[in-house]
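Before any comments, here is the structure.
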Amino acid sequence: MKQNQSKTLVRNLRADATTVLFQILEQGKSARECLPAMQLLHKDQDKAWLQEMVFGVLRQLPLLQYWLRHLLETPLKNKFKITEHLILLGFYQLAFSRVSQHAAVSETVNACHPLRVEAMRGLVNGILRNFIRNDTSNNKPDDEQINSGLPKWLYKKLALAYPENFLSLLAQIESKAPIWLRVNRKQIAAEVFQQKLQDHAIEFSLSSHHPDAIILTKSMDITQLPGFEQGWFAVQDGAAQLAATYLAPQENEKILDCCAAPGGKTGHLLEVANNLELTALEIDQQRANKITENLQRLGHQANLLIGDASQPQAWWDGQQFDRILLDAPCSATGIIRRHPDIKWLRKATDIQSLVAIQQAILDALWPLLKINGSLLYATCSILPEENYQQIEHFLLRTPSAKLDPHFQHDKHHPGRQILPGEQQMDGFYYCRLIKSGENNA
């Protein structure tokens with residue numbers, strides 16, 4: 001009874017947005033973990049506002065913090081720390097949103113009560129009014145890193161890796177990503193689904209490089225699209241859709257999809273080839289449940305295993321695979337525009353350990369592949385050490401591994417690096433390796 005009552009109570013939007021920001025920035029929780037839970041407490045029209053505010057603050061965080069340092073004399077501590085996040089939200093409303101100045105100030109100040117920092121009302125009010133009085137939103141530092149919206153460590157890494165197109169890369173990272181759909185060809189023809197969308201006056205565009213893709217012109221509730229319950233489509237970025245194209249499974253083959261959650265690529269593989277004997281491997285039971293949910297909606301079936309990809313002796317039955325998709329654990333720096341909390345959850349020290357995990361998985365999976373079989377290595381990262389450098393090192397220590405010549409896209413680097421915004425896609429890396437009969441231990 002209490003739970004039902006809580007949904008009918010009037011919630012303070014700014015207090016709830018501030019709580020989510022605090023959970024992400026101070027407690028290290030992901031937006032996927034805490035934002036949907038908070039949105040459940042709000043009406044539909046307020047859910048989008050919550051996400052816009054939270055993601056907006058995360059995108060502009062260095063600049064908002066720069067302003068805060070100039071207007072707040074002493075940093076707040078302990079139970080009052082959350083007030084700083086509330087002020088940052090106020091700054092974002094005043095500088096980047098269409099919220100009126102009066103509402104941005106008064107409603108943000110009112111959020112002090114549900115946040116249990118009533119003593120900070122005067123401080124919040126004074127700082128926000130000074131922000132307006134001093135025209136602070138036009139006070140931007142002559143510091144490219146702060147204006148980029150990136151943490152220092154990532155800014156430096158990307159500047160080093162992409163000197164020629166660094167500024168355009170920064171702009172794409174801070175942009176909003178479009179919503180891509182993948183038509184489930186096992187359930188409906190692409191042309192028929194397109195007509196269904198037109199019948200409902202839903203605007204979209206197509207991609208010449210993705211035969212199963214539809215790009216929505218406006219963001220909307222995906223569950224309200226025609227055919228959602230019937231499994232006519234899946235939500236999947238264009239870069240992720242290339243996995244099935246590049247792995248190119250053939251009818252009746254034995255396929256391993258590693259680190260498979262949430263199952264988008266798994267479903268696509270089952271749609272592009274018939275009678276696959278497909279094993280989806282995932283280390284986390286909760287994430288594996290998401291694979292099951294997604295496949296059931298789409299009308300697909302796969303052999304789902306819970307296991308560590310770097311420890312195949314615990315789950316492998318000894319039968320080698322024709323093809324392996326390794327969607328490796330990574331920094332996720334290629335999908336920041338879609339998940340801006342990644343910038344602040346990921347630390348510079350994480351990269352070395354991720355590279356070590358990727359290496360361990362590559363080495364462990366290679367014996368599971370048949371001679372002349374292919375392994376497609378994929379990440380949603382744009383960092384060289386996780387991508388082409390990882391593959392270069394693997395090729396050096398693995399005589400039986402050969403680079404598929406179609407993936408020598410750059411004369412200096414193996415694989416294909418997709419940067420955010422390229423053909424409207426997220427940042428991704430792919431490289432296909434072929435197993436020869438040489439030194440095949």
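The values are calculated or read from the model by the stated rules, or taken from the named source; none is laboratory data. Everything quoted here is computed from the prediction, not taken from an experiment. In this analysis, Cβ positions are derived from the backbone assuming ideal geometry, glycine residues included, and neighbour counts consider all displayed protein chains.
Check region 411-423 and report whether any residue there is assigned to a helix (DSSP H, G or I) and closer than 30 Å to Phe204 by Cβ.
yes
Look through region 333-379, keep the residues that are within 17 Å of Pro399 (Cβ to Cβ) and charged (D, E, K, R), and return whichever of them is surrounded by the most Cβ atoms within 10 Å (Cβ to Cβ).
That would be Lys370.
Identify all residues within region 248-266 that are under 24 Å from Gln320 (Cβ atoms) and part of a helix (DSSP H, G or I); write none if there are none.
Lys265, Thr266
Out of all the residues in region 250-275, which are surrounded by fewer than 22 Cβ atoms within 10 Å (Cβ to Cβ) and more than 19 Å from the chain's Cα centre (by Cα)?
Across region 250-275, the qualifying residues are Gln250, Glu251, Asn252, Glu253, Lys254, Glu271, Val272, Ala273, Asn274, Asn275.
Just one of Val109, Val105, Val124 is touching a residue at least 40 places away in the same chain (Cβ under 8 Å), more than 21 Å from Asp341 (Cβ to Cβ), touching a helix residue (DSSP H, G or I) at 6+ places or on another chain (Cβ under 6 Å) and not in a loop (DSSP other than H, G, I, E, B); which is it?
The match here is Val124.
Looking at Leu419, is it of a type outside the set (Phe, Trp, Tyr) and over 20 Å from the mean Cα position of the chain (by Cα)?
Working: of a type outside the set (Phe, Trp, Tyr): yes; over 20 Å from the mean Cα position of the chain (by Cα): no.
Considered against the rule, which asks whether it is of a type outside the set (Phe, Trp, Tyr) and over 20 Å from the mean Cα position of the chain (by Cα), Leu419 comes out as no.
For region 9-35, name all the residues that are in a helix (DSSP H, G or I) and modelled with pLDDT under 95.
The answer is Arg32, Glu33.
What do you reckon, is Glu144 buried (at least 16 other Cβ atoms within 10 Å of the Cβ) and within 24 Å of Ile336 (Cα to Cα)? Before you say what the answer is, go through the steps one by one.
Numbers: buried (at least 16 other Cβ atoms within 10 Å of the Cβ): no; within 24 Å of Ile336 (Cα to Cα): yes.
The answer is no for Glu144.
May I ask you to list the residues in region 187-225 that are of a type in the set (Lys, Arg) and over 22 Å from Val272 (Cβ atoms)? Before the answer, list the steps.
Applying the first criterion (of a type in the set (Lys, Arg)) to region 187-225 yields 196, 218.
Passing the criteria: only Lys218.
Within region 182-216, which residues are surrounded by fewer than 18 Cβ atoms within 10 Å (Cβ to Cβ) and more than 22 Å from Leu242 (Cβ to Cβ)?
Val192, Gln195, Lys196, Gln198, Asp199, His200, Ala201, Ile202, Glu203 - these are the residues of region 182-216 that are surrounded by fewer than 18 Cβ atoms within 10 Å (Cβ to Cβ) and more than 22 Å from Leu242 (Cβ to Cβ).
Tally the residues that are free of Cβ contacts under 8 Å to residues at least 12 places away in the same chain and of a type outside the set (Val, Ile, Thr), restricting the search to region 9-28.
3
From the list Ser175, Ser137, Ser168, Ser106, which residue is touching a Phe, Trp or Tyr at 6+ places or on another chain (Cβ under 8 Å), surrounded by fewer than 17 Cβ atoms within 10 Å (Cβ to Cβ) and hydroxyl-bearing (Ser, Thr, Tyr)?
Criteria check complete, one pass: Ser137.
I'm told Ser6 meets every condition in (1) within 20 Å of Val109 (Cα to Cα); (2) modelled with pLDDT under 95; (3) among the hydroxyl-bearing types (Ser, Thr, Tyr); (4) assigned to a helix (DSSP H, G or I) except one. Can you identify the failing condition by its number?
All conditions are met except number (1).
Just to be sure before I move on: is Glu73 free of Cβ contacts under 8 Å to residues at least 40 places away in the same chain, surrounded by 14 or more Cβ atoms within 10 Å (Cβ to Cβ) and more than 26 Å from the chain's Cα centre (by Cα) in the structure I sent?
So Glu73 fails the test.
Taking Ile324, is it within 30 Å of Gly56 (Cβ to Cβ), surrounded by 21 or more Cβ atoms within 10 Å (Cβ to Cβ) and β-branched (Val, Ile, Thr)?
Numbers: within 30 Å of Gly56 (Cβ to Cβ): no; surrounded by 21 or more Cβ atoms within 10 Å (Cβ to Cβ): yes; β-branched (Val, Ile, Thr): yes.
Judged against the criteria, Ile324 is not a match.
Kindly establish whether Leu86 is among the hydrophobic types (A, V, I, L, M, F, W, C), in a helix (DSSP H, G or I) and under 24 Å from Asp341 (Cβ atoms).
Yes, satisfied.
One line per residue, one yes/no per condition, for (1) in contact with a helix residue (DSSP H, G or I) (Cβ under 7 Å, 6 or more places away or on another chain); (2) aromatic (Phe, Trp, Tyr):
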| residue | (1), (2) |
| --- | --- |
| Asp212 | yes, no |
| Ser219 | no, no |
| Trp232 | yes, yes |
| Ala244 | yes, no |
| Gln250 | no, no |
| Gly267 | yes, no |
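Residues that are within 30 Å of Ala161 (Cβ to Cβ) and basic (Lys, Arg), at least 1 per element: which helices (runs of 4 or more DSSP H) completely within region 279-396 meet that?
285-298, 342-345
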